[in-house]
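Data first, discussion second: the structure below is written as structure tokens.
The values are calculated or read from the model by the stated rules, or taken from the named source; none is laboratory data. All values reported here derive from a predicted model rather than from experimental measurement. Cβ placement follows ideal geometry from the backbone for every residue including glycine, while neighbour counts extend to all protein chains displayed. Side chains included, ligands, DNA and RNA excluded: accessible areas come from the protein's heavy atoms. Shrake-Rupley method; radii C 1.70, N 1.55, O 1.52, S 1.80 Å.
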Amino acid sequence: PLETHERTMEAWRAMERQVELGFVTQLGISNLHDVRRFERIYQEAAVKPRVLQNRFSPQLGHDAEIRIFCQRHGIIYQPFWVLSANGQQLKSPAVTAAALAHHVDPEQVLFSYLRQQGAQPLSGTTSTVYMKDNLASSDFAPSRAEMRELDGIFLRPRGDYAAPRRRITTWRGPR
């Protein structure tokens, strides 16, 4: 987003024109962690955002409110810095217990957890070994009980999003 809502919407309208002309098929936005600001953009947009890319970190509340908003509106949430920003969380009892139970690495637990919620976590690695490990996180899914434990770490919404209509962990992708 730009420094003001008006400037952001001016840029968004220019991109909507590219959709109308057939040059692009979908629009997305990144680095937007304020759910109220995202709601306003969504409400005013003629072409709704289909993707939101954000840094996934504890300092930003793991985007709990934004992820719920995305889930409710069929927007793909693509978190980045998933591993590098969550070193402490990867060492938590819930993550390590799930890793041991499934014979995988804690990093794979976090990637799988996010995928189970419909997110598409991005990996910035250039290592083919790590790329294969990240992809292997699709080979298993944490149990419902493990998902609830992981929610306690990575899904702590506040405000209007404190009680989602449905549990986000049951979501399987955009509508």
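Brief remarks follow.
- Residue 48 vs. criteria surrounded by fewer than 22 Cβ atoms within 10 Å (Cβ to Cβ), among the charged types (D, E, K, R) and without any contact (Cβ under 8 Å) to a residue 24 or more places away in the chain: no
- Among the residues of region 21-33, those that are touching a residue at least 12 places away in the same chain (Cβ under 8 Å) and either more than 28 Å from residue 62 (Cβ to Cβ) or not β-branched (Val, Ile, Thr) (or both) comprise 26, 27, 28, 30, 31, 32, 33.
- Residues satisfying the stated conditions in region 42-78, i.e. touching a strand residue (DSSP E or B) at 6+ places or on another chain (Cβ under 7 Å) and aliphatic (A, V, I, L, M): 47, 51, 52, 66, 75, 76
- Qualifying residue in region 42-49 (condition: of a type outside the set (Ser, Thr, Tyr), out of contact with any Pro (no Cβ under 8 Å at 6 or more places or on another chain) and at pLDDT below 95): no
- Of residues in region 118-134 being open to solvent by 70 Å² or more (accessible area, probe 1.4 Å) and of a type outside the set (Phe, Trp, Tyr), the one nearest to residue 52 (Cα to Cα): 120
- Residue that is modelled with the lowest pLDDT, among those in region 1-41 that are open to solvent by 40 Å² or more (accessible area, probe 1.4 Å) and touching a strand residue (DSSP E or B) at 6+ places or on another chain (Cβ under 8 Å): 1
- Sole exception among (1) over 30 Å from residue 136 (Cα atoms); (2) in contact with an Asp or Glu (Cβ under 6 Å, 6 or more places away or on another chain) for residue 54, by number: (1)
- The combined condition, being surrounded by fewer than 22 Cβ atoms within 10 Å (Cβ to Cβ) and over 25 Å from residue 25 (Cα atoms), is not fulfilled by residue 73.
Yes or no, residue by residue, for (1) under 18 Å from residue 76 (Cα atoms); (2) at pLDDT 95 or above; (3) open to solvent by 60 Å² or more (accessible area, probe 1.4 Å):
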position: 94; (1), (2), (3): no, yes, no
position: 99; (1), (2), (3): no, yes, no
position: 116; (1), (2), (3): yes, no, no
position: 137; (1), (2), (3): no, no, no
position: 140; (1), (2), (3): no, no, no
position: 155; (1), (2), (3): yes, no, no
position: 158; (1), (2), (3): no, no, yes
position: 164; (1), (2), (3): yes, no, no
